[in-house]
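Every read-out reported here was derived from the displayed coordinates using simple, explicitly stated rules and does not represent laboratory data. The shown structure was predicted, so the numbers you read here are calculated from the model rather than taken from an experiment. Note that we place each Cβ from the backbone using ideal geometry, even for glycine, and neighbour counts take in every protein chain shown.
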Amino acid sequence: MIPMVNLQAQYTDIKDEIERGMAETIAACSFILGPNVQAFEKEAADYLGVRHAIGCASGTDALHLALLAEGIGPGDEVITSAFTFIATAEAIKYVGATPVFVDIDPCTFNITPETIENAITPKTRAVMPVHLFGQPADIIAIQAICQRHGLKLIEDCAQSFGASVDGIQTGAFGDAAGFSFFPSKNLGCFGDGGLVTTQCDVAAAKIRQYRNHGSDVRYYHDVIGYNSRLDELQAVVLRAKLKRIDHYNAARRHAAQRYSAQLAGLPLQTPHEDGVGVHVYHQYTVLCDRRDDVMSALQAKQIACAVYYPVPLHQQNVFKAECVGVSLPVTESVAARCFSLPICANLADDSVDTITGVIRSVFDAG
Ligand SMILES: Cc1ncc(COP(=O)(O)O)c(C=O)c1O
């Protein structure tokens with residue numbers, strides 16, 4: 001059995017450090033916004049090269065808090081991708097704004113400067129690119145569009161912790177960005193967790209208030225906020241894993257390169273790197289006209305594989321009515337042909353070899 005992600009193996013490596021940190025936290029009974037959350041926020045800000053990193057309860061909340069802090073609200077349009085997890089668009093809806101879905105690049109699966117620019121209207125207030133599967137969007141060009149049109153740039157970095165462009169981390173380009181620490185993410189905790197980053201002191205102050213019941217000083221409340229704090233025990237886990245994130249991401253890149261070398265020449269599209277951004281392979285996703293055949297062959301050999309995402313957001317029941325007439329041909333074609341193979345920091349070379357062998361056998365059999 002080869003799972004999509006082997007979290008047990010990763011845990012075994014760092015078990016002692018995590019258990020020690022958890023025992024200390026439990027003994028100190030400092031469970032809410034304690035020393036580990038504070039230390040993690042500082043360590044994450046340093047790693048990401050941002051002025052502020054603010055822990056919160058999930059990646060979904062991180063995007064929501066980022067939009068709130070940037071003042072996005074009812075009547076505003078936010079340009080984003082339909083080829084993403086629902087949370088990207090949910091956050092836009094939470095603030096009462098309207099997601100405007102635009103098409104993606106067929107190689108990187110990210111929204112493009114062209115598709116964004118064509119969708120700008122007088123109501124557009126923000127652009128929310130997703131660095132999908134760990135591959136940075138064309139963020140420098142997108143940043144320039146936002147500056148030219150006076151739009152806020154909010155990065156969805158849920159899948160891109162450690163990805164960079166020109167040596168700058170994703171999450172450091174936008175007015176604000178949201179990260180997810182869902183367990184299977186490149187930097188994952190033992191439950192839900194998230195992080196908002198920003199270079200702006202004013203936005204950071206708002207995000208800190210919003211995540212903690214609209215309060216800076218206990219029992220004094222300036223705005224209606226949320227209970228969206230990063231849990232102290234999760235911060236213990238994140239501090240241990242953050243120290244090792246470059247090693248984890250390098251191992252993912254190694255596995256991806258091995259996959260791509262072995263799958264070369266087969267009738268499927270392997271991930272494309274643009275040579276500028278550093279892809280951290282949250283997912284290793286390929287396109288194939290014979291998706292069902294290949295996935296069935298893998299499953300028959302107890303090898304996990306999955307379709308992220310089978311139904312683009314503009315075609316989901318929840319958005320269908322407001323997206324009548326929206327046509328995103330590249331997104332639709334990619335959703336119909338994509339599937340992802342196991343990838344994580346502990347994926348052994350011989351597992352990659354086994355997986356690619358099974359895929360090759362499908363095509364050899366004709
Ligand atoms: C692209 C994207 N955005 C947002 C989220 C939301 O993160 P969370 O699950 O931590 O709320 C996810 C998580 O799966 C995601 O993949």
Only bridges whose two residues both fall in the chain count here: according to DSSP, what percent of them are antiparallel, nearest 5? 60 percent
Per-residue HN-Hα couplings for the stretch 33-46 [Karplus 6.51, -1.76, 1.60; θ = phi - 60°; Hz; x = Gly/Pro]: 6, x, x, 6, 5, 4, 5, 5, 4, 5, 5, 5, 4, 5
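To the nearest 20 debye, what is the magnitude of the charge dipole of the chain about its Cα centre, counting +1 on the Cβ of each Lys and Arg and -1 on the Cβ of each Asp and Glu?
360 debye
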Give a residue-ordered list of calculated ³J(HN,Hα) values for the stretch 304-310 (Karplus: 6.51 cos²θ - 1.76 cosθ + 1.60, θ = phi - 60°; whole Hz; x for Gly, Pro). 6, 7, 7, 9, 10, 10, x
Which whole-number percent gives the relative contact order of the chain, counting Cα pairs below 8 Å spaced six or more residues apart? 22 percent
So D216 and S327, fully extended at 0.36 nm per residue minus their Cα-Cα distance, gain in nm 35.5 nm
Sum up the charges of everything whose Cβ sits under 15 Å from the Cβ of M4, counting Lys and Arg as +1 and Asp and Glu as -1, but leave M4 out. +3
Kindly rank 169-179, 323-333 from highest to lowest mean number of other beta carbons found within 10 Å of each residue. 169-179, 323-333
Post the alpha-carbon centroid distance, the stretch 39-108 to the stretch 238-260, in whole angstrom. 24 Å
If I model a spin label as a point 7 Å beyond the Cα along the Cα-Cβ vector, how far apart are those points for K123 and C107 in nm? 3.5 nm
Please order Y11, Y47 by the number of other Cβ within 10 Å, starting at the fewest. Y11, Y47
Which ³J(HN,Hα) values, rounded to whole Hz and listed in residue order, are derived for the stretch 162-177 from phi using the Karplus coefficients 6.51, -1.76 and 1.60 in 6.51 cos²θ - 1.76 cosθ + 1.60 with θ = phi - 60°, glycine and proline given as x? x, 6, 8, 9, 6, x, 9, 6, 4, x, 10, 8, x, 5, 7, 8
